[in-house]
Amino acid sequence: MNDNARFEFLLRMGDNALVLAQRLSEWVGKGPVLEEDIALTNVGLDLIGQARMWLSYAGEVEGAGRDEDALAFRRDQHGFRNLLLVEQPNGDYAETTARQFLFDRWHLLALGAMTRSRDERVAAIAAKAGKEVAYHVERSSDWVIRLGDGTDESHARMQRAIDGLWMYAGEGFLPDATDDAMAEAGIGPDLAALRAPWREGVAAVLAEATLALPADDFAQRGGRQGRHTEHLGHLLCEMQFLQRAYPDARW
Amino acid sequence: MYAQMVDTGLNKVVDASQMSPQEQAFQARIDADVKVEPRDWMPEAYRRTLVRQIQQHAHSEVVGQLPEGNWVTRAPTLKRKAILMAKIQDEAGHGLYLYSAAETLGVSRDDLIDDLHAGKVKYSSIFNYPTLNWADIGAIGWLVDGAAIMNQIPLCRCSYGPYARAMVRICKEESFHQRQGFDIMMAMCRGSADQKAMAQDALDRWWWPSLMMFGPSDAESVHSAQSMRWKIKLLSNDELRQRFVDQTVPQAEYLGLRVPDPALRWNAQSGHYETGPIDWAEFQAVLRGHGPCNRDRIRVRKEAWDDGQWVREAAMAHARKRAERESRAAA
């Protein structure tokens with residue numbers, strides 16, 4: 001088995017969680033209602049915890065002495081392996097909700113498949129994370145329904161958010177050589193097989209939310225191979241500032 | 001976080017001869033340490049004062065998310081980021097318990113928030129100071145939460161049941177916050193010269209505002225005397241401040257940091273530290289709105305509230321639609 005593929009695979013999982021957690025932490029103190037401040041931070045905290053598990057394991061697999069923090073704070077954007085979807089800016093509450101919803105539904109399916117991984121460590125992380133993400137799915141789906149089937153304004157905003165992010169929603173179903181190697185080794189999921197159940201779940205929620213399923217299934221890709229949107233570099237500038245400015249410090 | 005200088009709306013302490021029989025019975029229950037509960041009769045001034053105090057405290061928790069939020073996106077390690085997020089989440093939770101405690105007194109959370117945004121009520125002035133380096137996050141936990149705990153532990157025994165019970169939960173979490181703050185300070189003080197300088201800079205900026213958190217000396221204050229009579233304030237501002245100084249100075253020494261007070265000295269006779277004079281003109285100026293961050297803190301909160309208006313409306317509209325559908329289905 002190719003350990004470089006396994007390292008890449010673990011980075012992809014860790015970076016999704018890390019980058020989305022970073023976006024959610026930008027909401028601190030600015031949510032639409034106090035309960036949502038708590039919920040957003042709660043989801044962010046789950047994701048940070050997951051990022052730490054994936055990245056620690058990635059560092060061990062790599063065997064080059066990098067720990068979770070070296071991986072999180074000392075890689076430039078081309079070293080990041082997250083989906084383009086999770087690095088998109090927060091926008092309004094509809095955009096934050098749409099991003100979360102589209103990702104959560106992919107995330108839960110991917111983790112569910114990984115609980116059967118032949119890599120026991122992967123299976124254990126997926127099982128733990130899956131319990132948290134089941135709640136994330138419930139929460140983000142509820143909000144899509146609430147905002148879609150709320151007022152005229154919220155409906156319009158929610159539809160615009162889904163339409164705007166839709167081209168980033170499909171990247172998680174487009175396997176490359178790394179994914180093929182991981183699926184063959186029984187470590188990672190068969191990504192293409194996740195598309196149908198994902199689409200079915202998303203369509204059901206959008207229908208209940210009185211929202212239209214976008215027709216154009218064109219998918220941007222590149223994040224998982226290190227080719228990102230312009231947004232990621234700025235996110236990293238902020239997140240990595242202290243480690244970059246004071247490389248010898250111990251925090 | 002906590003409330004400062006709460007107005008009772010009275011201009012002198014009410015003594016027993018001026019009380020109605022109902023008020024006398026109320027005071028007798030308080031004197032006997034019986035908790036007041038929401039459905040119990042209470043003097044209007046007691047109710048209003050509690051609303052002001054709990055409201056200030058709740059707003060402090062909510063506004064207090066902002067100076068820490070200023071660094072949560074730049075926390076230096078994943079572990080520190082996770083701890084800080086958990087702490088901020090606790091604070092939002094404290095805001096919720098406290099708004100709920102205030103609501104038991106017949107006010108609504110939305111009205112209280114309107115009062116905050118209209119500048120009618122204060123939050124703790126400490127949050128009108130900026131967080132400029134990472135050690136500020138340590139200093140907030142160590143000093144600001146440390147000062148808040150001094151004030152809040154006695155409030156666990158205050159006369160109003162829902163407030164006292166909220167405070168028990170809050171104090172448990174605050175002591176974790178203070179420990180995490182001190183842990184950041186230790187790492188900074190054991191770290192590089194740059195880190196040590198950040199830690200000293202943070203202490204230099206947060207020391208005096210932390211002492212001011214307890215409020216001016218209240219020996220002469222009618223409001224404090226009445227609040228103490230009602231047992232919604234249990235110790236004087238000066239007593240609490242002295243406890244804080246006595247606890248904190250040795251901690252600063254342990255960290256190898258210099259407390260920015262040339263007059264600070266240990267009095268072996270009294271067994272307490274003596275501090276130099278506090279610049280109350282600065283405190284009053286910050287209270288009037290002239291602190292470094294007063295304008296930004298309220299602006300950010302108002303923007304968040306206004307930007308969230310459509311979300312709250314949508315949630316209400318959806319709930320109404322759902323209830324209508326359910327009642328139609330049941331019919």
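The values are calculated or read from the model by the stated rules, or taken from the named source; none is laboratory data. Please read all numbers here as calculations on a predicted model, not as lab measurements. Note: ideal-geometry Cβ built from the backbone for every residue, glycine included; neighbour counts use all protein chains shown.
Computed values, structure above
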{"quantity": "Given (1) buried (at least 17 other Cβ atoms within 10 Å of the Cβ); (2) within 30 Å of A:LYS30 (Cβ to Cβ); (3) not charged (D, E, K, R), index of the condition B:THR275 fails", "calculated": "(2)"}
{"quantity": "Pair list, Cβ under 7 Å, 6 or more apart: the range B:132-152 residue within 14 Å of chain A (Cβ to nearest Cβ), other residue part of a helix (DSSP H, G or I) and among the basic types (Lys, Arg)", "calculated": "none"}
{"quantity": "Test: B:GLY291 is surrounded by 13 or more Cβ atoms within 10 Å (Cβ to Cβ), within 14 Å of chain A (Cβ to nearest Cβ) and either of a type in the set (Gly, Ala, Ser) or farther than 23 Å from B:ARG241 by Cβ (or both)", "calculated": "no"}
{"quantity": "Hey, A:ARG75 basic (Lys, Arg), closer than 25 Å to A:TYR168 by Cα and either outside any helix (DSSP H, G or I) or facing chain B (nearest Cβ under 10 Å) (or both) or not", "calculated": "yes"}
{"quantity": "Among the candidates A:ARG105, A:ARG118, residue that is outside any helix (DSSP H, G or I), charged (D, E, K, R) and touching a Gly at 6+ places or on another chain (Cβ under 7 Å)", "calculated": "A:ARG118"}
{"quantity": "Breaking point among (1) under 29 Å from B:ALA314 (Cβ atoms); (2) modelled with pLDDT of 95 or more, for A:GLY130", "calculated": "(1)"}
{"quantity": "Only one of B:GLY64, B:GLY106 that is within 30 Å of A:GLY49 (Cβ to Cβ) and not acidic (Asp, Glu)", "calculated": "B:GLY64"}
{"quantity": "Test: residue in the range A:202-212 that is part of a loop (DSSP other than H, G, I, E, B), away from chain B (no Cβ under 14 Å) and surrounded by 13 or more Cβ atoms within 10 Å (Cβ to Cβ)", "calculated": "no"}
{"quantity": "A:ASP179 vs. criteria part of a helix (DSSP H, G or I), free of Cβ contacts under 8 Å to residues at least 24 places away in the same chain and not hydroxyl-bearing (Ser, Thr, Tyr)", "calculated": "no"}
{"quantity": "Residue within the range B:239-254 that is within 27 Å of the chain's Cα centre (by Cα), basic (Lys, Arg), within 14 Å of another protein chain (Cβ to nearest Cβ) and surrounded by 14 or more Cβ atoms within 10 Å (Cβ to Cβ) present", "calculated": "no"}
{"quantity": "Lone qualifier among A:TYR57, A:TYR93 - being touching a helix residue (DSSP H, G or I) at 6+ places or on another chain (Cβ under 9 Å) and farther than 30 Å from A:PHE218 by Cα", "calculated": "A:TYR57"}
{"quantity": "Single residue of the range A:30-72 satisfying the filter (facing chain B (nearest Cβ under 7 Å) and polar (S, T, N, Q)) that is farthest from B:GLN309 (Cα to Cα)", "calculated": "A:ASN42"}
{"quantity": "Test set (1) more than 19 Å from B:ALA139 (Cβ to Cβ); (2) outside any loop (DSSP other than H, G, I, E, B); (3) modelled with pLDDT of 95 or more - B:SER270 fails condition number", "calculated": "(2)"}
{"quantity": "Residue count for the range B:233-257, restricted to those that are assigned to a helix (DSSP H, G or I) and closer than 30 Å to B:VAL51 by Cα", "calculated": "9"}
{"quantity": "Within the range A:216-242, tally of residues that are modelled with pLDDT of 95 or more, in a loop (DSSP other than H, G, I, E, B) and either touching a Gly at 6+ places or on another chain (Cβ under 9 Å) or closer than 30 Å to B:LYS321 by Cα (or both)", "calculated": "7"}
{"quantity": "In the range B:155-164, the residues that are in contact with a helix residue (DSSP H, G or I) (Cβ under 8 Å, 6 or more places away or on another chain) and either crowded, with 21+ Cβ neighbours inside 10 Å or touching a residue at least 24 places away in the same chain (Cβ under 8 Å) (or both)", "calculated": "B:LEU155, B:ARG157, B:CYS158, B:SER159, B:TYR160, B:PRO162, B:TYR163, B:ALA164"}
{"quantity": "Neighbours by Cβ (under 8 Å, 6+ apart or cross-chain): first from the range A:238-251, over 10 Å from B:ARG74 (Cβ atoms) and more than 7 Å from chain B (Cβ to nearest Cβ); second surrounded by fewer than 17 Cβ atoms within 10 Å (Cβ to Cβ) and modelled with pLDDT of 95 or more", "calculated": "A:ARG244/A:ARG74"}
{"quantity": "The one condition in (1) within 30 Å of A:ALA161 (Cβ to Cβ); (2) more than 14 Å from chain A (Cβ to nearest Cβ) that B:ARG265 fails to fulfil", "calculated": "(1)"}
{"quantity": "Boolean, B:ALA102 is within 14 Å of chain A (Cβ to nearest Cβ), crowded, with 17+ Cβ neighbours inside 10 Å, modelled with pLDDT of 95 or more and over 13 Å from the mean Cα position of the chain (by Cα)", "calculated": "yes"}
{"quantity": "Matching residues, the range B:266-297, being closer than 20 Å to B:ASP204 by Cα and among the aliphatic types (A, V, I, L, M)", "calculated": "B:ILE278, B:ALA281, B:ALA285, B:VAL286"}
{"quantity": "Qualifying residue in the range A:137-147 (condition: over 20 Å from the mean Cα position of the chain (by Cα) and not hydrophobic (A, V, I, L, M, F, W, C))", "calculated": "yes"}
